[in-house]
Structures are given as C-alpha cells and as structure tokens.
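In what follows, a single structure is set out as structure tokens and then discussed.
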Amino acid sequence: MIERVILGCILSYFLGSIPFSYIIAKKVKGVDIRVVGEGNVGGRNVWHVVGKKYGIMAAILDMAKGLLAYWIGCLLGLAPWWIWLCGLFVVLGHDFPIFLRGRGGKGAASAMGFLIGMQPLIIGISAILMGVFYIVLRNFHIAIGVGMGSIPILWRVVQKKSWEETAILLLFLLFLGFKRLLDEPHMKKIKQESGW
C-alpha cells in the first residue's frame, strides 16, 4: 500500500507542476505571467493579462489537474484517507512547480478539481453560491470566500461526512489560504511595478 501512496503523491505533484497559465501566457502574448498583472500563475491573472477565453482555458486545465489527481488515487486503489494526499500533492505541485523553480499559483482551481472528484454535488452547490454572490456584489474575493466557506458546511450537513473527514477538508482549504498569505508580498510588489 505504501508504495502506491508514494506513487500517487509523486504523479499528482508532477501533474500539478504543469504550469498551464504560464504556458498559455507565453504562447499567446509572449509574457511571463509571474511578473505581470497580479503576478499569480493562475487563470484569473491570465484572464486579465491575456484575455477572458484564455483565462477560462487556464482555469479549466488547472481544475482538470485536480480531477486527474483524484482519479490517480482511485486507479491506484487507495483508501479515501490516502486519496486526500493526492489532492494535497497536486496543489503543492501547482503552488510550487518544479518546472517554474517553485514559483506557482495559489492552487484554488486545482483544489476545486480534486474536490469535484470527491464530492461533485457539494462543489456544484458551492459554485452556484459563488456565482450568485458575484453577480449581486461584483466582488470576486467575497464571492470566492462564500463559495469556499460553504464547502465544509455542506460537506458535513448535506453529505453527512464524519467530523474527521470534515477536519481534513478544512485543513486542505486552510492550506490554500496559507499559500495566499505567503504570496501576498510578492504579488503586491508585482502590482506596483506593473501599475496593475
């Protein structure tokens, strides 16, 4: 079992390390997405710097990485507890990609792709809530906060998951918040330099 867990983590990390946002920005506009816009290697920055359709494409591809990591865990026959490690490692790969010397994105899209594999209904409801709040308030940060914040509640109440699994989910989501705080000084500097 331990060999399959290690294999799942390695495959998930390298999958997460594929920097789709960086590749798209380089191919389409010839820019390094890490030093323009908000300095984030993610679909939202691609949306603003390169164009909406390319931002959507980058976000979908990043979500696909997370979903594939879930499938890798399933195909290897890992128990649900171990599959969570595949989710963590795909996010680690996106956040600290070996192909970009550790300077990646925030991992939200990859995390959502993984969670779609785990609980598509919950993520669907969360996405609807996020969409409604964005339409009403026109504030991306509040909308994503509501969407993300609703996931553990729905996880526990709707799907009746155990407190232990809900705690794992919370730690998984908190890691995304930690990476955001880690990136903040760098992103602020990039914004100032680029006048974004």
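Readers should treat all values here as calculations from the given coordinates under stated rules, not as data from a laboratory. Computed from a predicted structure; not experimentally measured. Quick reminder, even Gly has a Cβ in these numbers, built from the backbone with ideal geometry, and neighbours come from all protein chains shown.
A few remarks follow.
- Taking every full run of DSSP H in the chain, the ones that stretch at least 24 Å from end to end by Cα along their long axis and average 0.5 or higher on the Kyte-Doolittle scale are 52-75, 120-137, 140-157.
- Neighbourhood net charge (14 Å Cβ-Cβ; Lys/Arg +1, Asp/Glu -1) for residue 101: 0
- Whole-number percent relative contact order across the chain, with pairs defined as alpha carbons under 8 Å at least 6 apart: 23
- Taking 107, 39, 93 as the candidate residues, the one with maximal mean-square fluctuation in a Gaussian network model of the chain, Cα springs under 10 Å, is 39.
- Taking trypsin sites (Lys or Arg not before Pro) across region 72-153, the ones in a DSSP loop with at most 15 further Cβ atoms lying within 10 angstrom of their Cβ are 101, 138.
- Neighbour-count ranking [beta-carbon atoms within 10 angstrom, fewest first] of 26, 65: 26, 65
- In this simple spin-label model, placing a label point 7 Å from the Cα along the Cα-to-Cβ direction at both residue 173 and residue 14 gives a separation of 3.3 nm.
- With all projection directions averaged, the alpha carbon convex hull of the chain covers 11.0 nm².
- Between the beta carbons of residue 31 and residue 139, assuming R0 = 30 Å, the FRET efficiency works out to 0.65 to the nearest 0.05.
- When 141, 48 are sorted by how many other C-beta atoms sit within 10 angstrom of their C-beta, beginning with the fewest, the order is 141, 48.
- Remark: 86, 74, 9 ranked as 74, 9, 86, counting other beta-carbon atoms within 10 Å and listing the fewest first.
- Pairs spanning more than 29 Å between alpha-carbon atoms, out of 53/160; 53/106; 27/106: 53/160.
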